[in-house]
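Just so it is clear, none of the values below were taken in a lab; they were calculated from the coordinates. Quick caveat: nothing in here was measured; it's all calculated off a predicted structure. Note that each Cβ is placed from the backbone with ideal geometry, even for glycine, and that neighbours are counted across all protein chains shown.
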């Protein structure tokens, strides 16, 4: 597909503050950046778009000093520079908020914020009082009310993300790179982040913004640069391009309906959860999922959705209640027993609990299926395993030279696809997806949605957690809303609205006009009496 030149912006009269020309970066077996150009102008929010593996994050890691380019030049304010380390990038006024959080968990918020640049007192000891005062100012600036003396391990993922944003702001950088900054924060925090970005713009600072969320791109950016397969495609004024044109530039192919039609009929109950409780996390949660049904869990971050599915799968056993799979109760709550029961769980945090990063794609895909892929003597059936992994690499479009590629060398989105592949290979009867498309590009999302619907058509009972309301509404037959560890409503998809789900999630449902809620929203009391139907 060729670039649509009519979308290209007119040349700016202002000189670029940053210019990257002919950037190339090679990894073993992969040309990650192929002669890439990029320009950044003062006071602009510049979005980078492209599928997973397109080169967006790699280019920004070159700019942040994490990767050294094999070819190309970087010019800052008219002067050619060399960025050979993260500290050098900071000296040039370039800061980066990374997609994958990597805090020092056993240190406090303040210690993490000023790591490597601590305040030193007269006696050459660290001045913790001053450090905590400055940390408080930073947290107040971004609208977060947390004690800076709190340890990072005590924070939620959302809070850690906001601390990373505060850290980037603390450098007083002229160029701030934000790589998926809203992947784990609440709607309220997203609004505050956008306020901060607008404030940075007013100070003539630049923000480079990477996300797969289209609504954010059109809400906050001034310019958009598109990459595809490690190559530069073009740069466009945001107000000169629409979502459909942008998607076509990114994927070089037309996508059909984002959410595929689901016409299969539901069958017998495959997963039944009865009065499940785990002290301090959730209480008396009950629901059931039938064969061929996609059952959504909605709610704000911290509502207890992930904790519920982790208990169902046995990651953290519940204190009371029971779970039945195909009518048989689970006796031992642990992942091994759940896999034997033909359950699968795509976890929220791919690096912490979804993958073994130093292992290759083949080994990661094979792990849950080792009993089926091994001989009676415990030896791996190499040819069969290779065939399975190759098949999933093709169907999920995992971008890698071969199944021998180490997972740690894949982009975040391709790592997520490996997780999907390893569970799909087990041919589960119950499949739990916790934020399955987080960090996934729009083209891959469409493919994953089709795969999920295909699994449902084969009789798999599917539980799906998502923080994206469009995803929940587009994919799920029924939706259970959680708030503060309790299940507060179950709503049929045909009756569900984004406003209604949010009102249930925030506790405002009882105070709102009936027309804002789903007209036939079920309470948990009568949910078991509701009839199910396929989504059309």
Fill in: For region 317-373: span of alpha carbons on each principal axis (Å, largest first)
38, 26, 14
Discussion item. Given R₀ = 30 Å, what would the calculated FRET efficiency be for residue 340 paired with residue 395, taking r from the Cβ atoms and rounding to 0.05?
Written reply: 0.75
Practice prompt. Would you please calculate the Kirkwood hydrodynamic radius of the chain over all C-alpha pairs and express it in Å, rounded to one decimal?
Written response: 24.9
Item to complete: Kindly list the residues of region 257-273 that lie in the label zone of residue 286, defined by a backbone N under 15 Å from the point 7 Å along the Cα-to-C-beta vector.
Response: 272-273
Worksheet entry | Two-decimal Rg to Rh for region 103-172 - Kirkwood Rh, Cα set | 0.95
Discussion item. Looking at the calculated P(r) for region 213-286, what percent of the C-alpha pair distances fall above 19 Å?
Written reply: 62
Worksheet item: What is the spin-label model distance, in nm, from residue 248 to residue 80 if the labels are put 7 Å beyond Cα along the C-beta direction?
Response: 4.0
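Quick one: length gained pulling residue 265 to residue 140 fully straight, 0.36 nm per residue minus the C-alpha distance?
Here the answer is 39.8 nm.
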Discussion item. Suppose the chain between residue 406 and residue 172 were pulled fully straight at 0.36 nm per residue; how much longer would it get relative to their current alpha carbon spacing?
Written reply: 80.6 nm
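With all distinct Cα pairs included, what does the Kirkwood hydrodynamic radius of region 350-427 come out to in Å, to one decimal, could you say?
Numbers: mean 1/r = 0.0814 Å⁻¹.
About 12.3 Å for region 350-427.
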Worksheet item: According to a simple spin-label model (label point 7 Å from Cα along Cα-to-Cβ), what is the distance in nm between residue 107 and residue 68?
Response: 2.5
Item to complete: Any chance you could run the full-extension gain for residue 382 through residue 150? It's 0.36 nm times the residue separation minus the Cα-Cα distance, nm to one decimal.
Response: 78.7 nm
Fill in: Pair residue 117, residue 133: separation of 7 Å Cα→Cβ label points (nm)
1.9
Fill in: Rg/Rg_ref, region 287-438, where Rg_ref = 2.2 N^0.38 Å and atoms are Cα
1.08
Worksheet, complete the sentence: Counted neighbours (other Cβ, 10 Å), sorted fewest up, put 75, 405 in the order 75, 405
Worksheet entry | Distribution of pairwise C-alpha distances over region 366-511, 10 Å bins, in % | 10, 34, 30, 17, 8, 2, 0
Discussion item. Nearest 5 percent is fine: what portion of the DSSP beta bridges confined to the chain is antiparallel?
Written reply: 55
